[in-house]
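Input: a single structure, listed below in structure tokens.
The values are calculated or read from the model by the stated rules, or taken from the named source; none is laboratory data. Because the structure is predicted, anything quoted here is derived from the model rather than measured. Here the Cβ is made from the backbone with ideal geometry for all residues, glycine too, and neighbour counts use every protein chain on show.
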Amino acid sequence: MPVKIRLTRMGKKKQPSYRVVVMDSRKPRDGKYIEQIGRYDPRQDPSLIEIDNARAVDWLQKGAQPTERAQKLLEISGAWTEFRVARGDVHVVGEAPAETPKPKVEAAPVMLDEIQDEAAAAAEEVTEEVEVVEEIEVVVVEETATEETDES
């Protein structure tokens, strides 16, 4: 029996939600399934993806083939990576690294203050240069026609 991991549609008209199920590939889309291993609701923001990774990996190891969309959902939930590690496609050295601490939010305002200080200093330099330009007096020397008046 060819087994697939795929989606069955639930919900009202124009308001879809899906179940991630394991079923015989010869059955209709919304037909009887063997086991429900998760659910997917694309209408929420962000989309809701709940998959029992242990059951999904178990079915994948038994030979169940995911559809294209189901495989993307398995990749998002992490079940596809677990399956590939268990199968030996992905080589893992040692244990998974501990969760890296998230950067503190307080660091951003400090950087913003530094940038604002640099911008203020640059603005002062520009205004000083403008002031220097304003201090220079422009003197236009007009030549007088004194030579012409002397001859007459």
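Numerical summary
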read-out: Every residue from the stretch 1-21 that is of a type in the set (D, E, K, R) and surrounded by 12 or more Cβ atoms within 10 Å (Cβ to Cβ); value: K4, R6, R19
read-out: The lone exception for R29 - which of (1) buried (at least 18 other Cβ atoms within 10 Å of the Cβ); (2) over 25 Å from E82 (Cβ atoms) it fails; value: (1)
read-out: Extreme residue, nearest to R9 (Cα to Cα), among residues of the stretch 43-62 that are of a type in the set (S, T, N, Q) and out of contact with any Phe, Trp or Tyr (no Cβ under 8 Å at 6 or more places or on another chain); value: Q44
read-out: Top-ranked residue in the stretch 1-26 [being among the hydroxyl-bearing types (S, T, Y) and at pLDDT 90 or above; ranked as farthest from F83 (Cα to Cα)]; value: S17
read-out: Test: I76 is among the hydrophobic types (A, V, I, L, M, F, W, C), outside any helix (DSSP H, G or I), assigned by TED's automatic domain parsing to the domain that holds T8 and at pLDDT 85 or above; value: no
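Let's see how each residue does on (1) touching a Ser or Thr at 6+ places or on another chain (Cβ under 9 Å); (2) among the hydrophobic types (A, V, I, L, M, F, W, C); (3) surrounded by 11 or more Cβ atoms within 10 Å (Cβ to Cβ); (4) assigned to a strand (DSSP E or B):
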position: M23; (1), (2), (3), (4): yes, yes, yes, yes
position: R39; (1), (2), (3), (4): yes, no, yes, yes
position: R43; (1), (2), (3), (4): yes, no, yes, no
position: V57; (1), (2), (3), (4): no, yes, yes, no
position: A70; (1), (2), (3), (4): no, yes, yes, no
position: D89; (1), (2), (3), (4): no, no, no, no
